[in-house]
Structure formats: C-alpha cells, structure tokens
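Engineer: Okay, handing you the structure first.
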Amino acid sequence: MGFEKQLNSIIFEYDLIDKSFRNNFLFSATFNESVIKIIRKYMNDYYFIQVCDKEINFIKQEFLYIKKEEKEKKILELLKKYFNSKIIIFTNTKLNSENLYKLIKNDKNNFNIDLINGNKNQNERKKTYEDFYNNKINILIATDIIGRGIDFPNVDLIINYDIPNSKEDYIHRIGRSGRMGNIGMSISFIDDLNNLVLKDIILLLNKNNINIPNWMKNINFDNSVNNINLKKKNKKKKKKERSRSKDK
C-alpha cells in the first residue's frame, strides 16, 4: 500500500504554491525510510509529533512454532483461554479467513465471532465494524483489509494465524492492540522456518530489545534461502517437464 502516486498528482498537477510558502500536515501510522523520503520531498521545514516512541514496546509479543496441521487445534485452545477478551485474528487470504471462521463458528464453545474480508460488501463490512467496535462481538477474523487505518478501542489480543507477508504488515497488524499507550498482546503462529519475513521481524525485535524464543534465534536463514531457491528450481523443472509432455 501507499499513496505517493496520488500525492504527486495533488502536489504537481494542481496549481499549488511552493512548499516554502505553504503549510503541510502529513499523517502516517509509521515513519519508515520511504515515508521520510516523501517528507523531504514535499516539506521544507518539518517537525515530528508522535503519540509515543517505540509503540511496538507496548505490545507483549509471543511466537509459537507449530505445524500447519496443528494450527486449528491451537487456535481453539487460545480462544477458550481468552474467551472474554477482544481479539482480532489475521489470515493472509480470504479462503483461509472463511475456513477459519467456519471452524470457530461451529465449535461447541459458541464463540461470539464475525468475519471481514474482501468478499463482503461495504454495508456488510460496516455492520461488522460497528458490532466489533460496540462489543456485540468480541472475536473478529480478518485479512489485511483492516490491518491499517482502522481504530478499534481496547483490543486485548492480536493473533497472526498466518505470518504476514512483510515486516510492515506485521507492525500494522499488532498495532491494532496496545494503542494510545495501553498494553497490548500478540501471538503469531510460525509454521514455516523458511519464511524470510521472519528474518526482518527478528531484526525489528532485536532493534527494540524485545525478547524472542531461542528457537527463533537459532534459525539459519542461509539454509532458508537455499531451500527457497531449491523449491524455485524444482518448480521450473516440473514446468519444463509438463511442457515436454504436452509437446509429445
């Protein structure tokens, strides 16, 4: 995500006075290097105003190494443990979110749950937002459609059922909890040690002096790169073999 293209359109295609003579206000959930470049490009003399420093330190972060086939059992255990908590569960795909919703909805514990993903229309999303905001439901399954820019008060726990596709998505997801100086909590399921996003997340945690389990410290990412390259090589090989079969 990002709106630099739209900013360029507003700044350069409209008849605006030079940045030296106008007032600009830029709001962003995070201030990474790409955002800093935009600030320098559009603003002449600027100040940073933050609600708090190192927001990630207000969130207790746990990581569970778990086999894919055990994830469904574990999520039900966690929801039973935190039965009365306000929880958002993130998945990476609409299909995963819908399958997980069916699993939890049909569980004997009668969890108070709803789902948001790209298959819902605007009215359906609005109703689910309002129900979660007003505590009519306390568990929300979602894709990254709500990972950024939406504020739900007093979210107790974020569960990453699927590890996100980038460090930035990880920050935005867990940032739905621990807002405005409150203490939050996140639990992330790790089912693939070859996922290189883990490397970025570990660097982020180390930078902020956040403890991580020993099994994460011992991941050999050189092997991960080799495994990924091997998978790609095998995939290309199979594709060539299928092409040859078709030619015959």
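Engineer: When the stretch 157-192 is examined, which residues are found to be in a loop (DSSP other than H, G, I, E, B) and in contact with a Ser or Thr (Cβ under 7 Å, 6 or more places away or on another chain)? Reasoning before the result, please.
Structural biologist: Of the residues in the stretch 157-192, the ones in a loop (DSSP other than H, G, I, E, B) are 161-166, 175-183, 191-192.
Listed by number, the residues that qualify are TYR161, ASP162, ILE163, SER177.
Engineer: For the stretch 126-156, which residues satisfy the criterion of being touching a residue at least 12 places away in the same chain (Cβ under 8 Å) and part of a helix (DSSP H, G or I)?
Structural biologist: Of everything in the stretch 126-156, those that are touching a residue at least 12 places away in the same chain (Cβ under 8 Å) and part of a helix (DSSP H, G or I) turn out to be THR128, TYR129, ASP131, PHE132, TYR133, ASP144, ILE145, ILE146.
Engineer: Sticking with this structure for a sec: Of the residues in the stretch 194-207, how many are farther than 12 Å from ILE163 by Cβ and modelled with pLDDT under 85?
Structural biologist: Of the residues in the stretch 194-207, 0 are farther than 12 Å from ILE163 by Cβ and modelled with pLDDT under 85.
Engineer: State yes or no: is LYS102 part of a helix (DSSP H, G or I) and either under 28 Å from ASN214 (Cβ atoms) or in the same structural domain as ASP162 (by TED's automatic domain parsing) (or both)?
Structural biologist: On the way: part of a helix (DSSP H, G or I): yes; either under 28 Å from ASN214 (Cβ atoms) or in the same structural domain as ASP162 (by TED's automatic domain parsing) (or both): yes.
For LYS102, the condition - part of a helix (DSSP H, G or I) and either under 28 Å from ASN214 (Cβ atoms) or in the same structural domain as ASP162 (by TED's automatic domain parsing) (or both) - is met.
Engineer: Would you say TYR161 is under 19 Å from LYS74 (Cβ atoms), in the same structural domain as LYS102 (by TED's automatic domain parsing) and hydroxyl-bearing (Ser, Thr, Tyr)? Step through it out loud before you land on a result.
Structural biologist: Numbers: under 19 Å from LYS74 (Cβ atoms): yes; in the same structural domain as LYS102 (by TED's automatic domain parsing): yes; hydroxyl-bearing (Ser, Thr, Tyr): yes.
So TYR161 passes the test.
Engineer: Here are some conditions: (1) over 24 Å from ASP169 (Cα atoms); (2) in a helix (DSSP H, G or I). ASP107 meets all but one. Which one does it not meet?
Structural biologist: (2)
Engineer: Can you spot a residue in the stretch 163-173 that is touching a Gly at 6+ places or on another chain (Cβ under 9 Å), of a type in the set (Asp, Glu), at pLDDT 70 or above and closer than 30 Å to LEU103 by Cα?
Structural biologist: Of the stretch 163-173, the ones touching a Gly at 6+ places or on another chain (Cβ under 9 Å) are 164, 169, 172-173.
With of a type in the set (Asp, Glu) added as a condition, the list becomes 169.
If we keep only those that are at pLDDT 70 or above too, we end up with 169.
Next, only the ones that are closer than 30 Å to LEU103 by Cα stay: 169.
Yes: one or more hits.
Engineer: Right, another one. Determine whether the stretch 79-86 contains at least one residue that is free of Cβ contacts under 8 Å to residues at least 40 places away in the same chain, within 27 Å of PHE58 (Cα to Cα), in the same structural domain as LEU196 (by TED's automatic domain parsing) and in a helix (DSSP H, G or I).
Structural biologist: The first filter runs over the stretch 79-86 and keeps only residues free of Cβ contacts under 8 Å to residues at least 40 places away in the same chain, leaving 80-81, 83.
If we keep only those that are within 27 Å of PHE58 (Cα to Cα) as well, we get 80-81, 83.
With the extra rule that they be in the same structural domain as LEU196 (by TED's automatic domain parsing), the set shrinks to 80-81, 83.
From what is left, the residues that are in a helix (DSSP H, G or I) are 80-81.
Yes, there is a match, as at least one residue in the stretch 79-86 is free of Cβ contacts under 8 Å to residues at least 40 places away in the same chain, within 27 Å of PHE58 (Cα to Cα), in the same structural domain as LEU196 (by TED's automatic domain parsing) and in a helix (DSSP H, G or I).
Engineer: Select from the stretch 103-131 the residues that are modelled with pLDDT of 95 or more and of a type in the set (Phe, Trp, Tyr) and list them in ascending order.
Structural biologist: PHE111
Engineer: A follow-up question, please. Going by what's in this entry, would ASP151 be described as of a type in the set (D, E, K, R), in the same structural domain as ILE190 (by TED's automatic domain parsing) and within 14 Å of LEU79 (Cβ to Cβ)?
Structural biologist: Details: of a type in the set (D, E, K, R): yes; in the same structural domain as ILE190 (by TED's automatic domain parsing): yes; within 14 Å of LEU79 (Cβ to Cβ): no.
Judged against the criteria, ASP151 is not a match.
Engineer: Right, next: Have a look at LYS60, LYS102 and point out the one that is of a type outside the set (A, V, I, L, M, F, W, C), under 15 Å from ILE158 (Cβ atoms) and surrounded by fewer than 18 Cβ atoms within 10 Å (Cβ to Cβ). Full working, then the answer.
Structural biologist: Values: LYS102 fails: under 15 Å from ILE158 (Cβ atoms).
Just one listed residue meets the conditions, LYS60.
The values are calculated or read from the model by the stated rules, or taken from the named source; none is laboratory data. Here the structure is a predicted model, which is why all the values come from computation and not from measurement. In this analysis, Cβ positions are derived from the backbone assuming ideal geometry, glycine residues included, and neighbour counts consider all displayed protein chains.
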